[in-house]
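Peer 1: Below is one structure. I have some questions about it.
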Amino acid sequence: MSQTMNVLIAGVGGQGTLLTSRIIAQVAVDLGYDVKVTEVHGMAQRGGSVVSEVRYGEKVYSPTIPKGQADVLLAFEKLEAARWLDHLKPDGIVIINDERVDPLPVMSGKMKYPEDIIDRIVQLKPKTTVVNATKTAIECGNVKAANVVLVGILSKVIGLPPEKVEEAIRKLVPPKALEVNLAAFRRGVEWSVNQ
Amino acid sequence: MKRLMIGNEAISRGAYEAGASVAAAYPGTPSTEIVSNFARYKDVYAEWAPNEKVALEVGIGASLGGARTLVAMKHVGVNVAADPLYTVAYTGVNGGLVIVSADDPGMHSSQNEQDNRGYGIFAKLPVIEPSDSQEAKDFTALAFDISEEFDTPVMLRVTTRLSHSQTLVEEGEAGERVLKEYKKNAPKYVMLPGYARGRHVEVEKRMVKLAEYAETTPLNRIEWGDRSLGIITSGVAYQYVREALPNVSVLKLGLVNPLPKNLIASFAQQVERLVVVEELEPVIERQLKAWGIAVEGKELFTLLGEYSPEMIAQRLAGAEPAPSHGLEIPPRPPLLCPGCPHRGVFYTLRRMRVTVTGDIGCYTLGALSPLEAMDSCVCMGASIGMALGMEKARGQEFASRLVAVIGDSTFVHSGITPLIDIVYNQGTSTIIILDNDTTAMTGHQDHPATGVTIKKQPTKKLDLENLVRAIGIEHVRVVDPLKLDEFEAVVREELDRREPSVIIAKRTCALIDRTPITTTLYVDDEVCNGCRACIRIGCTGIYYKDNEKKAAINPTTCVSCGMCVQVCKFDAIKVVEG
Ligand SMILES: Cc1ncc(C[n+]2csc(CCOP(=O)(O)OP(=O)(O)O)c2C)c(N)n1
Ligand code: SF4
Ligand code: SF4
């Protein structure tokens, strides 16, 4: 791979985007790539809009993905998919977890949650897939494993070998949650994605 | 084997490999993980100091005592530590002393975006800037050598993007912890005018030597490429330049103070066009212009915020900005957590329509919608002095509708001296200390009033109530801010009093509270009249069903703190056991 792979993972502070980016990055390290990951800490972690950027390839310079160059956008929440859409390549791939978390202006009634947001995203980015990772995670035994379901879907899209991803999950997930997370990952890999 | 590390962890690793045995810090984003990581090494001493000035003074003492010492703080922390900083530049060191300033271009988590390379120039300190985690580790280790060789504290300047980006690092061997001999040397360490005059001479000699060193240090390097454009850059901006302009010639500066005049002049001569790419202030550019070197910089690049590869490609390679899809999306500002004790405080203060001088912490979110119950926030500790100032300007009548709010960690950091001022100068304000038993904003660090050290060892706990009484505050109340009626009654009583008082709003931060949750809540649709009073407290545990015009609990986020239950006038929110 001579080109750098750029993955943008967006969500709401506290949703567990950090574990997802860590697993992807670890796999890329294990495969021998140069890897950079950048994340927001601090105030935004209190329920604000957060993003992790993972880049890997032969040589990576900037830790941030240049706007308009992300290959894949993985969003843990629908509105956050829309928020980061401009960062995607014209033919980039979007994976959206079918979750709605109302931001404050919606909660307080000052603004409306755009109900048609998925349709508008699909119009702009035909390679969009909407998944219900939360439901799958519950079926696997723990709602918190939703982020690992998403790892499964994402890793297939960007072509990471599943056995390497499982290895990374074993390294990064505490032993007592491992079985559920591996099951969640395998369910994710089975998903078919528009690409 | 290489490992991914955030820049901050790499700094701590670099210090450890260089044999540092003491580290001190006060938390502050983006610097916090430097010393919290260092504290994990078994054979070192690390501490959370009450504030940055104390952290640096502990560091100076440890250096004088012969240990290699690391001190870390966020950019505004250096303001607090500036007094010892300027003078330790005169005394120099015994064991190597490295001071990390973590700046925050873009103000991800800060009240300003000052550029602390300026401190290096004013205080006459060498300033080193790494560009990724590997350099963060290597440069930190080298900084200790420079510190001892040139008898100077060294400032390692990093930014949020470096501190919090993970890049690959090759770990080295753990160094040996060597303690240098301590010898009394008053002319070097007692900064009386007579001795300090002598030291200033040494400082100026040292700067000359450092400027010579700058010409040959491996910290600075030229990467030759196409000579029609030469870029001088440092820090993370170097990575953006390489990403955007892979073929140009680059002079990468790792030592940004003092600058290598000859190296720069020779680079300038060999390129057709010279541009400095540096975030925030034109620190390098100004120096070049003072030397008469023709250079472009801030006429092309902004003084504000973070840079990016695309910005550089647009300014220097004529790239077009990526198209915008123009989707209009509601913003998602940060919010107090469900069950946050601060919510009760600001809900009450808003109801009472009082003036609130505020401070810095999670509770600063009380200034934002929907609570909007804070009038000011300047720097850590400012709330209390500002309340006294407002009272002195506008009189006691005004003060009876004025409160200062300050977090427990912030109070210990810099709230004690202004409280003494209130007692001494006969203010009558009401001060609310938000005691959530942690430094929450920066990721839940312990502090003197939690009774636990950075190494998670129990220690003597600072008793805030007794401290405040000892200062001379006679009216001290301790109350749970999520017991809304009781809390409001206490605030009213203390405001009415023409004497200073302190209310300790005591309840553990919801994110670290380990008390088991034994109840669940639901909204009884029959009773809820859709008034939205519960929605206006801004908790993600409760939302509004537009179609049905009813409130509803979100069971995955609600932590059953009971605040919305008390806010509902119709008793529509029910609590059930289990
Ligand atoms: C001089 C300085 N040092 C550090 C910081 C970073 N910082 C902001 S608020 C804060 C402390 C917050 O703790 P606390 O007062 O207990 O409030 P909480 O966040 O727990 O509500 C810190 C360390 C800063 N803004 N300024
Ligand atoms: S982390 Fe603690 S103090 Fe901060 S908003 Fe959440 S509950 Fe409140
Ligand atoms: S009880 Fe009410 S205020 Fe407390 S966390 Fe739950 S929804 Fe929020």
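Peer 1: Identify, please: which residue in the stretch B:338-396 is closer than 23 Å to B:GLU486 by Cβ and of a type in the set (D, E, K, R) and is, among those, surrounded by the fewest Cβ atoms within 10 Å (Cβ to Cβ)?
Peer 2: B:ARG353
Peer 1: Go through the stretch B:110-136 residue by residue and tally those that are crowded, with 21+ Cβ neighbours inside 10 Å and part of a loop (DSSP other than H, G, I, E, B).
Peer 2: Total satisfying the criteria: 9.
Peer 1: Of the residues that make up the stretch B:121-143, is at least one under 21 Å from B:ALA82 (Cβ atoms), within 16 Å of ligand 1 (Cβ to nearest atom) and among the aromatic types (Phe, Trp, Tyr)? Break it down into steps so the answer makes sense when it comes.
Peer 2: Within the stretch B:121-143, the first condition is being under 21 Å from B:ALA82 (Cβ atoms), and the residues that meet it are B:121-129, B:143.
Going one step further and asking which of them are within 16 Å of ligand 1 (Cβ to nearest atom), we end up with none.
Within the stretch B:121-143 (the criterion being under 21 Å from B:ALA82 (Cβ atoms), within 16 Å of ligand 1 (Cβ to nearest atom) and among the aromatic types (Phe, Trp, Tyr)), the answer is no, since none of the residues qualifies.
Rundown of residues vs (1) assigned to a helix (DSSP H, G or I); (2) buried (at least 19 other Cβ atoms within 10 Å of the Cβ); (3) polar (S, T, N, Q), yes/no style:
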{"site": "A:THR129", "(1), (2), (3)": "no, no, yes"}
{"site": "A:ILE138", "(1), (2), (3)": "yes, no, no"}
{"site": "A:LYS144", "(1), (2), (3)": "yes, no, no"}
{"site": "A:GLY152", "(1), (2), (3)": "yes, yes, no"}
{"site": "A:GLY159", "(1), (2), (3)": "no, no, no"}
{"site": "A:GLU167", "(1), (2), (3)": "yes, no, no"}
{"site": "A:LEU178", "(1), (2), (3)": "yes, no, no"}
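For every residue, the table says whether it meets (1) touching a Leu at 6+ places or on another chain (Cβ under 6 Å); (2) surrounded by fewer than 24 Cβ atoms within 10 Å (Cβ to Cβ); (3) assigned to a loop (DSSP other than H, G, I, E, B).
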{"position": "B:ALA20", "(1), (2), (3)": "yes, no, yes"}
{"position": "B:PRO27", "(1), (2), (3)": "no, no, yes"}
{"position": "B:ASN37", "(1), (2), (3)": "no, yes, no"}
{"position": "B:ARG40", "(1), (2), (3)": "no, yes, yes"}
{"position": "B:ALA46", "(1), (2), (3)": "no, yes, no"}
{"position": "B:PRO50", "(1), (2), (3)": "no, yes, yes"}
{"position": "B:VAL58", "(1), (2), (3)": "no, yes, no"}
{"position": "B:SER63", "(1), (2), (3)": "yes, no, no"}
{"position": "B:GLY66", "(1), (2), (3)": "yes, yes, yes"}
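Okay, residues lined up against (1) open to solvent by 10 Å² or more (accessible area, probe 1.4 Å); (2) more than 18 Å from B:HIS325 (Cβ to Cβ); (3) of a type in the set (A, V, I, L, M):
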residue	(1), (2), (3)
A:VAL72	no, no, yes
A:LEU79	no, no, yes
A:PRO103	no, yes, no
A:LYS135	yes, yes, no
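Peer 1: Could you list, in sequence order, all residues of the stretch B:342-362 that are in contact (Cβ under 8 Å) with a residue 60 or more places away in the chain and either away from ligand 3 (no atom under 16 Å from the Cβ) or among the aliphatic types (A, V, I, L, M) (or both)?
Peer 2: Going through the stretch B:342-362, the residues in contact (Cβ under 8 Å) with a residue 60 or more places away in the chain turn out to be B:342-345, B:347-349, B:351-352, B:354, B:360-362.
Matches in the stretch B:342-362: B:VAL345, B:LEU349, B:MET352, B:VAL354, B:ILE360, B:GLY361.
Peer 1: How many residues does the stretch B:460-481 hold that are in a helix (DSSP H, G or I) and either touching a residue at least 12 places away in the same chain (Cβ under 8 Å) or of a type in the set (Ser, Thr, Tyr) (or both)?
Peer 2: So the answer is 5.
Peer 1: Right, another one. Can we say A:ASP30 is within 7 Å of another protein chain (Cβ to nearest Cβ), in contact with a helix residue (DSSP H, G or I) (Cβ under 9 Å, 6 or more places away or on another chain), surrounded by fewer than 21 Cβ atoms within 10 Å (Cβ to Cβ) and modelled with pLDDT of 95 or more?
Peer 2: For A:ASP30, the condition - within 7 Å of another protein chain (Cβ to nearest Cβ), in contact with a helix residue (DSSP H, G or I) (Cβ under 9 Å, 6 or more places away or on another chain), surrounded by fewer than 21 Cβ atoms within 10 Å (Cβ to Cβ) and modelled with pLDDT of 95 or more - is not met.
Peer 1: When you look at B:ARG492, is it outside any helix (DSSP H, G or I) and assigned by TED's automatic domain parsing to the domain that holds B:THR348, yes or no? Before the answer, list the steps.
Peer 2: Numbers: outside any helix (DSSP H, G or I): no; assigned by TED's automatic domain parsing to the domain that holds B:THR348: yes.
No; evaluated as a whole, the condition is false for this residue.
Peer 1: B:ALA533: of a type outside the set (D, E, K, R), more than 16 Å from ligand 2 (Cβ to nearest atom), within 14 Å of another protein chain (Cβ to nearest Cβ) and in contact with a helix residue (DSSP H, G or I) (Cβ under 6 Å, 6 or more places away or on another chain), yes or no? Can you show your working first?
Peer 2: Working: of a type outside the set (D, E, K, R): yes; more than 16 Å from ligand 2 (Cβ to nearest atom): yes; within 14 Å of another protein chain (Cβ to nearest Cβ): yes; in contact with a helix residue (DSSP H, G or I) (Cβ under 6 Å, 6 or more places away or on another chain): yes.
Considered against the rule, which asks whether it is of a type outside the set (D, E, K, R), more than 16 Å from ligand 2 (Cβ to nearest atom), within 14 Å of another protein chain (Cβ to nearest Cβ) and in contact with a helix residue (DSSP H, G or I) (Cβ under 6 Å, 6 or more places away or on another chain), B:ALA533 comes out as yes.
Peer 1: Then there is this: Just the residues that are of a type in the set (A, V, I, L, M, F, W, C), at the interface with chain A (Cβ under 7 Å from one of its Cβ atoms) and over 26 Å from the mean Cα position of the chain (by Cα), please, taken from the stretch B:327-351.
Peer 2: Matches in the stretch B:327-351: B:LEU327, B:ILE329.
Peer 1: Pairs needed: first member in the stretch B:1-22, closer than 20 Å to B:ILE454 by Cα and within 14 Å of chain A (Cβ to nearest Cβ); second member anywhere, outside any loop (DSSP other than H, G, I, E, B) and basic (Lys, Arg); C-beta distance under 6 Å; at least 6 residues apart or different chains.
Peer 2: From the stretch B:1-22, the pairs are B:ALA10/B:LYS137.
Peer 1: Just for the stretch A:37-64: of the residues that are open to solvent by 10 Å² or more (accessible area, probe 1.4 Å) and at pLDDT 95 or above, which one is farthest from B:PRO30 (Cα to Cα)?
Peer 2: That would be A:GLU58.
Peer 1: From B:VAL98, B:VAL169, B:VAL158, which residue is under 20 Å from B:GLU204 (Cα atoms) and modelled with pLDDT of 95 or more? Outline the logic, then answer.
Peer 2: On the way: B:VAL169 fails: under 20 Å from B:GLU204 (Cα atoms); B:VAL158 fails: under 20 Å from B:GLU204 (Cα atoms).
Criteria check complete, one pass: B:VAL98.
Peer 1: Moving on to the next point. Quick one: what pairs do we get from the stretch B:375-397, first residue on the phi > 0 side of the Ramachandran plot, second polar (S, T, N, Q), C-beta under 6 Å, 6+ apart or different chains?
Peer 2: Here the result reads B:GLY381/B:SER414, each pair linking the stretch B:375-397 to a residue that is polar (S, T, N, Q).
Peer 1: If you take the residues of the stretch B:469-519 that are basic (Lys, Arg) and under 20 Å from B:THR428 (Cβ atoms), which of them is surrounded by the most Cβ atoms within 10 Å (Cβ to Cβ)? First the steps, then the outcome.
Peer 2: So the first thing to find is which residues in the stretch B:469-519 are basic (Lys, Arg), and the list is B:469, B:477, B:483, B:492, B:497-498, B:506-507, B:514.
Then keep just the ones that are under 20 Å from B:THR428 (Cβ atoms); that gives B:469, B:477, B:492, B:497-498.
Details: B:ARG469: 14, B:ARG477: 19, B:ARG492: 14, B:ARG497: 14, B:ARG498: 8.
Applying the filter and picking the extreme gives B:ARG477.
The values are calculated or read from the model by the stated rules, or taken from the named source; none is laboratory data. Please read these numbers as outputs of a predicted model, since none were measured by experiment. For neighbour counting, all protein chains shown are included, and Cβ atoms are generated from backbone atoms with ideal geometry for every residue, glycine included. We work out accessible area using only protein heavy atoms, side chains counted, and drop any ligands, DNA or RNA first. Shrake-Rupley method; radii C 1.70, N 1.55, O 1.52, S 1.80 Å.
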